[in-house]
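Worksheet: the structure to be examined is printed underneath.
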Amino acid sequence: MSALASPLAPVHQQYLLQARQMQTLSFVAHIPLVAFGISFPAMVLFAEWLYLRSGDPLYGALARRWTRVVAALFAVGVITGTLLSFEMGLLWPNFTATFGSVFGLGFAIEGFSFFMEAIFIGIYVYGWDRLSPRAHLLSGIPIIITGFTGSLTVISVNAWMNHPGGFHLRAGKVVDVDPVSALFGNPYLWHELVHMYIAGYIVTGFVVAAAYAYARLRGRWSRYERTAIAIPLTIAALASPVQVLVGDWAGREVATNQPIKLAAIEGLAKTTRGAPEHLLGWYSDGRVKYGIEFPHGLSLPAFHSWNAKVQGLDTVPASQRPPVNIVRIAFQTMVGIGTLLALLGIAFLFVWLRRKRLPESAWFYRAVLLAGPLAVVALIAGWVTTEVGRQPWIVYRVMPTAEAVTGASGIPVGYATLAVVYLLLACAVAWVLRRLSRAPLEIAPDQQGV
């Protein structure tokens, strides 16, 4: 594949680092909203289904309140997603110009899904008390479907960037394009898709549960708070241990298809049989310093073999290696937090199944309160591992990132402006969510329970 990159002429750009930082800032702002878009509508519909099934007005009040949060976060996602779309064309014009015919189908489907999702969110939000109960519940199903199809196509584009195919390059021109094969016949897609979807339920579940854990610690613990925390926390608790298994699958795919990324994750300088794994530590001078070594700890999970050969960083020139310490820290942050979330989920399920009630310890709810923001950190760290670990390639072993970036000046100005926009947007989101949390429940006090 590296031979295919030779016809692509480089573009000099002194602001490459700033362009990458701008893209990173937008991803950090947008990806948590994607996680909510994937999973939160399903939680809302589950609460409404419980209301229709049981007739308990508490479930109806919960679904109505969560509906407002869905609408607010969707509106914010429109802003961040639009900014990302502009950045793709403005910051990386050679990438979009060269490969647009390959991945354009994915973004076209994503755009169609976005408009359909917006339409049905509008119907669902304004359909309370205007549609029959069954029709209103059914109007929410397309929100889940379009959220799936929209994010599926974007993830498929990212999978293609990590494992490109479905085209040929001739004299720097893309020919023989098969976009369906490139995006949906890509074997690298499936672990990314499953990993992201489970992450969406973990992040949303723990973030929503954290809000009600805070209420518990402040002394508000009526039946409403107990019900509101039980739904997302149960979903997150079920998903988080499964993610450990999916992570093993993803790691083996990386080991097979992107061995240099795996070498950067560990800081493995030379090709080694029975390669060790280091917990913590800092990569310097061709080795990991100050880390805790686990013999064979990289070969075993990567290839399920005690003495498997793991390719080292020395097998490619230094210019084709990702920044090792960034990738290592991001990966270990993701795995460390993910492990803690899985243990917290197992502890919750143990109490719930054995004692048929929520945990009573205040320390448990302090842990849930921390789990919310930590889940977001793990999500972002996972994407940093995926994207930075692919560097210096924007299309793996086909187009270097430096050849895709714009040659225009003025990026620092745009970077500063973008940072101000996201700061204002974060303040607006915090204000809106605070207003929604303080709105009175649409249920009589005597129906809230104790």
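The values are calculated or read from the model by the stated rules, or taken from the named source; none is laboratory data. Being a predicted model, the structure only gives us computed values, none of them experimental. Please note: Cβ atoms are built from the backbone with ideal geometry, for glycine as well, and neighbour counts cover all protein chains shown. In case anyone asks, the SASA skips ligands and DNA or RNA and just uses the protein heavy atoms, side chains included. Shrake-Rupley method; radii C 1.70, N 1.55, O 1.52, S 1.80 Å.
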* Asked: Can you find even one residue in segment 35-53 that is more than 23 Å from His136 (Cβ to Cβ), assigned to a helix (DSSP H, G or I) and modelled with pLDDT of 90 or more?
  -> yes
* Asked: Residues in segment 280-302: is at least one more than 30 Å from Pro400 (Cα to Cα), polar (S, T, N, Q), free of Cβ contacts under 8 Å to residues at least 60 places away in the same chain and open to solvent by 30 Å² or more (accessible area, probe 1.4 Å)?
  -> no
* Asked: Taking Thr386, is it surrounded by fewer than 17 Cβ atoms within 10 Å (Cβ to Cβ), hydroxyl-bearing (Ser, Thr, Tyr) and within 20 Å of the chain's Cα centre (by Cα)?
  -> no
* Asked: Looking at (1) surrounded by fewer than 22 Cβ atoms within 10 Å (Cβ to Cβ); (2) β-branched (Val, Ile, Thr); (3) within 21 Å of Phe112 (Cβ to Cβ), which is the one condition that is false for Thr24?
  -> (3)
* Structure fact -> So the helices (runs of 4 or more DSSP H) completely within segment 389-450 holding 3 or more residues that are modelled with pLDDT of 90 or more and either farther than 28 Å from Pro322 by Cα or in contact with a Phe, Trp or Tyr (Cβ under 9 Å, 6 or more places away or on another chain) (or both) are 411-438
* Can you tell me which of Val429, Val420 is among the β-branched types (Val, Ile, Thr) and either touching a residue at least 40 places away in the same chain (Cβ under 8 Å) or at positive phi (or both)? -> Val429
* Any idea which of Gly140, Gly77, Gly111 is open to solvent by less than 30 Å² (accessible area, probe 1.4 Å), touching a helix residue (DSSP H, G or I) at 6+ places or on another chain (Cβ under 7 Å) and either over 21 Å from Ile198 (Cβ atoms) or at pLDDT 90 or above (or both)? -> Gly140
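Quick grid of which residues meet (1) more than 27 Å from Val384 (Cβ to Cβ); (2) among the aliphatic types (A, V, I, L, M); (3) at pLDDT 85 or above; (4) in a helix (DSSP H, G or I):
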residue: Thr98; (1), (2), (3), (4): no, no, yes, yes
residue: Ile121; (1), (2), (3), (4): yes, yes, yes, yes
residue: Thr146; (1), (2), (3), (4): yes, no, yes, yes
residue: Thr149; (1), (2), (3), (4): no, no, yes, yes
residue: Trp190; (1), (2), (3), (4): no, no, yes, yes
* Residue check: is Ser54 open to solvent by 60 Å² or more (accessible area, probe 1.4 Å) and closer than 30 Å to Ser409 by Cβ? -> no
* **Identity of the residue in segment 216-240, in a helix (DSSP H, G or I) and open to solvent by 40 Å² or more (accessible area, probe 1.4 Å), that ends up nearest to Leu340 (Cα to Cα)** => Leu238
* Structure fact -> Taking segment 389-422 and keeping residues hydroxyl-bearing (Ser, Thr, Tyr) and either open to solvent by 60 Å² or more (accessible area, probe 1.4 Å) or more than 17 Å from Asn94 (Cα to Cα) (or both) leaves Ser409, Tyr415, Thr417, Tyr422
* To do: Within segment 269-312, track down each residue that is of a type in the set (Asp, Glu) and at pLDDT below 85.
  => Asp285, Glu293
